[in-house]
Amino acid sequence: MLKIDIHTHIIPEHMPDWTKKFGYGGFVHLDHHQHCRARMMVGDHFFREIEDNCWSAEKRMKECDAHGVHVQVLSTIPVMFSYWAKPEDCLALSQFLNDHIAEIVQRYPKRFIGLGTIPLQSPELAVKELERCMKIGLRGIQIGSHVLNDWNLGSTALFPIYEAAQELKASIFVHPWNMMGQEHMPRYWLPWLVGMPAETARAICSMIFGGVFEKLPDLKVAFAHGGGSFPATIGRIEHGFLTRPDLVAIHNNVNPREYLGKFYVDTLVHDPTVLDYIVKLMGAGRVAMGSDYPFPLGELVPGSLVDSMPYDAAQKEKLLSGTALDWLGMDKKFFV
């Protein structure tokens, strides 16, 4: 059965010295301190240790073969978004990352699908880079759960990007980043364990209440980590909408529950009961396999949770590849 992993991250092995190039700091660079290993550094601050499966297409394919994964959807590591940077600098960085992903897709078109990154802090530049992404063979974009200049994803400032994505039939993958409240929970890895699910719920609610899905019904948006805390709190969200419409239904008076099944989520929930709940809540046709490869908080054997479920073959096929193909607007025949 074909397996497509919609949630994987990649970074170029070698990058320019962005700090030297742009004249200010805060950008990521790699310290290749060991063979096949590197430290991701933000200035002098250690961010994460990575291995060569984070940049080598060949290593990824070898591991995918061992895991039974046929296709990976590639997107950058969210720390690379750089929405805080000057828009023109973020554009240059985005173009470098996007060209890298496009080159891998061109080399191995049956093994990889690419999503670009865009300077979300400048909608005008973002639209231009989105258009370029589609021209160089990418299928859409990955964006963060908010923009640092106080824009949530329901902001009217971002609508030109969504409108362009709908017109271009570009898929959008929303990934949490720069987690809210992280400065107040520095211990126990809480930004990743608590902040990330909340960030994804923030993104979904912002798009619903901002009217994004209402005004652009053909927009194809997928959210990471099973939709974060949104599925578990839809009852509370709906209740707030019904009891305090003066606070909630400011820009969209449609019940948020009506949008279940109007967007996609991945399967990265680490729990069979939660996966079954999401499948029942949204339908298998809106849930796609995603692993967060190659990071340890992801599913270590991609697709293993779906494989373990007592679903029939048709339902498993949707979860493992059919839903991904629908979100991406692609045909299974291309890969088999």
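Just so it is clear, none of the values below were taken in a lab; they were calculated from the coordinates. Please read all numbers here as calculations on a predicted model, not as lab measurements. FYI the Cβ positions are ideal-geometry reconstructions off the backbone, even for glycines, and counts take in every protein chain you see.
The stretch 11-48 and the stretch 199-224 have Cα centres lying 33 Å from one another. When only the Cβ of Lys, Arg, Asp and Glu is charged (+1, +1, -1, -1), the dipole of the stretch 16-131 relative to its Cα centre reaches about 220 debye.
Taking 2.2 N^0.38 Å as the expected size of a compact globular protein, what ratio does the Cα radius of gyration of the stretch 280-336 give against it, to two decimals? The partial results should precede the final answer.
Numbers: Rg = 11.9 Å, N = 57, 2.2 N^0.38 = 10.2 Å.
With N residues counted in the stretch 280-336, Rg over 2.2 N^0.38 Å equals 1.17.
DSSP bridge analysis restricted to the chain gives an antiparallel fraction near 35%, rounded to the nearest 5.
Working note: 222 nm ellipticity from helices only, DSSP H runs with n ≥ 4, each -39,500 (n - 2.57), summed and divided by the residues of the chain, gives -10500 deg cm²/dmol to the nearest 500. Arranged from fewest to most other beta-carbon atoms within 10 Å of their beta carbon, Val221, Val79 become Val79, Val221.
The residues Tyr293, Tyr24, when put in order of fewest to most other Cβ atoms within 10 Å, stand as Tyr24, Tyr293. Beyond 23 Å between alpha-carbons counts as too far, so tell me which of Lys220/Lys333; Lys110/Lys169; Lys3/Lys215; Lys21/Lys59; Lys135/Lys318; Lys59/Lys110 fall in that bin. Lys3/Lys215; Lys21/Lys59; Lys135/Lys318, as the Cα separations exceed 23 Å there. The distance linking the stretch 261-336 with the stretch 136-163 is 24 Å (Cα centroid to Cα centroid, whole angstrom). Screening the chain for DSSP H helices whose Cα atoms reach 24 Å or more along their own axis and whose mean Kyte hydropathy is at least -1.0 gives 87-107.
Counting other beta carbons within 10 Å of each Cβ, put Arg111, Arg244, Arg39 in order, fewest first.
Values: Arg111 19, Arg244 10, Arg39 15.
Starting with the residue having the fewest Cβ neighbours, the order is Arg244, Arg39, Arg111.
For chymotrypsin sites (Phe, Trp or Tyr not before Pro), the sites in the stretch 39-90 that DSSP calls loop and that have at most 13 other Cβ atoms within 10 Å are Trp84. A simple rule links phi to the HN-Hα coupling: the Karplus curve 6.51 cos²θ - 1.76 cosθ + 1.60 with θ = phi - 60°, which for the stretch 37-54 gives 9, 7, 9, 7, 10, 10, x, 8, 8, 6, 9, 6, 8, 10, 10, 5, 5, 7 Hz, with x for Gly and Pro. Each of His239, Gly285, Val73 was placed along the dipole of the stretch 61-334 (beta-carbon charges, centred on the mean Cα), and the one lying farthest toward the positive end is Gly285. Near Cys90, once Lys and Arg are set to +1 and Asp and Glu to -1 for all other residues with Cβ below 13 Å from its Cβ, the sum equals -1.
Suppose every K and R has +1 on its Cβ and every D and E has -1 on its Cβ; what is the size of the dipole of the chain about the Cα centre, in Debye to the nearest 20? Before the final figure, lay out the partial values.
On the way: 32 positive and 38 negative charges, 81 e Å.
The dipole magnitude comes to about 380 debye.
Sites listed here are chymotrypsin sites (Phe, Trp or Tyr not before Pro) in the stretch 165-212 whose DSSP assignment is loop and whose Cβ has at most 16 other Cβ atoms within 10 Å: Tyr188, Trp189. Residues whose amide H comes within less than 5 Å of that of Leu268, counting only those at least five positions distant or on another chain, are His225, Gly226, Gly290 (H built at 1.01 Å from N in the peptide plane). Taking other residues whose beta carbon is less than 12 angstrom from the beta carbon of Met207, and scoring Lys, Arg as +1 and Asp, Glu as -1, yields +2.
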